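First the structure, in the form of structure tokens, and then the observations on it.
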């Protein structure tokens, strides 16, 4: 035990003291923010505005077509499909007939692929126009139609809310928040499994290629060497997590100061009283609502479970990565092919997670969160949706129990491969050979 | 006095391949023992069992008269493997302390002993250097220090001189002798026979997992001697009639190399020379070198190692 302690100290300190540790700790969140912000920006940018010329000799549709965010209509009776491009239009919408019996009577010509969105919005407008004509035929005036729309459109948002029954008390469900927390923690576990798993593997490979393995195992048992490394790197991971937590709290504290209701109202009042009358106050109440919804999440259970699945998932996979590292001989490509069977379930778990977030009570989500290969990632996506519903205490206990049993099993298996592999030079070991090492007494 | 290390009928199979096949020997405390054998003979496997890395399939190991318990006895053993390395990113001093603590020394003991050896080998200035900045010879020296630092009673050195310049090789060789004098038992594994002759008292030769020779360096040479002598004469007289007691293998100027025939004695040769008016200024037996014995013995067995089946043996 004492030797494991000495080894894990070295493993921990040699990594934490390294400058790249601090750098990666602070750059990683920055990188994530950049990736998310960047992809959001790009999707926004990639929404193209289509200028569509409308040739409607029937006169039935053109006056009623309204411009949308991405589609601008302009009448052009003289336009031809051979020359709308020269007139700087992106497309031509041509109406040939108003008779419903005619097929292919409304055509959209575009120079390039217009996207599903464009077609859907045009078709939607045409349907609405036809609906208006139909209603008018029944005697409804357009004024009545407008007032009807304006009342019904407001329905829903203010009136509808969903609640979760917790015994006798009601809890307002917040799908968006559960989604965000679930995806965030699942994603974090997914990424860190790879980062720290690979770190364990590289550490073992280094010991083997540096030829220090034999020096070490003449002083300590291979199992102690392996566990010292795994626990040491787990410590590095927890340290990194703690630093991220401090970073997030620090930033959000600073953020909430700058974006606190008072500063916002003051700012908007002082700066642009004309442009945003009452806008500041609305934004402030929105901020307050957001804060209260964030606080409404069950943070005790979420954080506790996150820590458990973070450590449990890491321990489950780390020893497998160690075993792979011990088998490889200085050839990174060999490591790649041997890693496949370990990285596949992790990637698979991520895919299940994205489905489990949408449907936390589904069958796939259930099994994904029970089986230890995928449970660390999938379960974390489900827990924010609610404990004990949809994730029951029984399920949670089963999942945790299986994960603990699973990591004991993988560690036991890996230790057997590791102790033989680490002293093996030059010879390439396949899966068959490794199986032999496991069954060997 | 009981043996410092005794191994009895050690056996280790890998699948059906007999890596170590019934080897027994014992070493006295303070002796320098040469463990010899060609590549793949089973030396490393044998050493790994003695250092507790492998468990033998059968047989016993006794350390200082008691059954060897790998976990507890590790502190009494210092092992420098042939495949040896260090953590490249660590600092020299830290690395020495780390390995010493893993042997079971307290932090303070580890520090004191590291200091002592660093001073002795004039390595103090290296303390804050990184391992990756050391030359091969330097890291070899550091490895030797970390092997003997915790004052083990059994020191096992696998090819300790490979990569060392003559000055440092001498330094290490003298230190090995000094450690033996202080009572440590040393196992020395190598292919370099001239080093064995220089340092070892006792040798064991293994091939294909079996012990094929065991004895003192002198005893082994006596056993394998071929009765070849070097005769130096001070005049150029040639023998007139053919000698009956020996044959001349070669003659270079005034130095002859002769082989005494079986059943004849040295004095018969001298008598003959005197009778022939040949003045003898030197008469010396040429013992075979360990290298010659080694090659002779190994060549008697096929070099390609057959894979015995455990089922039929």
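Scoring residue B:94 on the criteria (1) within 14 Å of chain A (Cβ to nearest Cβ); (2) without any contact (Cβ under 8 Å) to a residue 60 or more places away in the chain; (3) surrounded by fewer than 21 Cβ atoms within 10 Å (Cβ to Cβ); (4) touching a helix residue (DSSP H, G or I) at 6+ places or on another chain (Cβ under 8 Å) leaves a single failure, condition (4). Of all residues in region B:51-91, those satisfying the criterion of being out of contact with any strand residue (DSSP E or B) (no Cβ under 6 Å at 6 or more places or on another chain), farther than 30 Å from residue A:16 by Cα and facing chain A (nearest Cβ under 7 Å) are B:53, B:74. For residue A:21, the criteria (1) part of a strand (DSSP E or B); (2) touching a helix residue (DSSP H, G or I) at 6+ places or on another chain (Cβ under 7 Å) hold in every case but one, which is (1). Residues in region A:217-228 that are buried (at least 24 other Cβ atoms within 10 Å of the Cβ), in a helix (DSSP H, G or I) and within 10 Å of chain B (Cβ to nearest Cβ): A:217, A:225. Taking region A:239-259, which residues are in a helix (DSSP H, G or I) and either surrounded by 15 or more Cβ atoms within 10 Å (Cβ to Cβ) or not assigned by TED's automatic domain parsing to the domain that holds residue A:307 (or both)? Result: A:239, A:240, A:241, A:243, A:244, A:247.
In this structure, is residue A:201 modelled with pLDDT of 80 or more, closer than 30 Å to residue A:133 by Cβ and part of a helix (DSSP H, G or I)? So residue A:201 does not fit the description; no.
Scan region B:152-172 residue by residue and report those that are in a loop (DSSP other than H, G, I, E, B) and surrounded by fewer than 17 Cβ atoms within 10 Å (Cβ to Cβ). The answer is B:162, B:163, B:165. Taking the listed residues A:413, A:423, A:435, the one that is more than 26 Å from residue A:181 (Cα to Cα) and more than 14 Å from chain B (Cβ to nearest Cβ) is A:413, with no other qualifying.
Kindly indicate whether residue A:312 is assigned to a helix (DSSP H, G or I), modelled with pLDDT of 85 or more and surrounded by 12 or more Cβ atoms within 10 Å (Cβ to Cβ). So residue A:312 fits the description; yes.
Of the residues making up region B:221-234, one or more are more than 32 Å from the chain's Cα centre (by Cα), surrounded by fewer than 16 Cβ atoms within 10 Å (Cβ to Cβ) and touching a residue at least 40 places away in the same chain (Cβ under 8 Å). Residues of region B:66-91 that are assigned to a strand (DSSP E or B) and surrounded by fewer than 18 Cβ atoms within 10 Å (Cβ to Cβ): B:66, B:67, B:91. Inside region B:97-118, residues that are under 28 Å from the mean Cα position of the chain (by Cα) and without any contact (Cβ under 8 Å) to a residue 12 or more places away in the chain make up a count of 2. Inspect region A:128-140 for any residue being within 26 Å of residue A:48 (Cβ to Cβ) and loosely packed, with under 15 Cβ neighbours inside 10 Å and give the result as yes or no. Scanning region A:128-140 turns up at least one residue that is within 26 Å of residue A:48 (Cβ to Cβ) and loosely packed, with under 15 Cβ neighbours inside 10 Å.
Checked across region B:110-131, the condition of being under 25 Å from residue A:6 (Cα atoms), within 13 Å of chain A (Cβ to nearest Cβ), modelled with pLDDT of 90 or more and assigned to a helix (DSSP H, G or I) holds for at least one residue. Among all positions in region A:34-44, there is no residue which is on the phi < 0 side of the Ramachandran plot, surrounded by fewer than 13 Cβ atoms within 10 Å (Cβ to Cβ), in a loop (DSSP other than H, G, I, E, B) and away from chain B (no Cβ under 14 Å).
The values are calculated or read from the model by the stated rules, or taken from the named source; none is laboratory data. All values reported here derive from a predicted model rather than from experimental measurement. Positions of Cβ are backbone-derived with ideal geometry, glycine not excepted, and every protein chain shown enters the neighbour counts.
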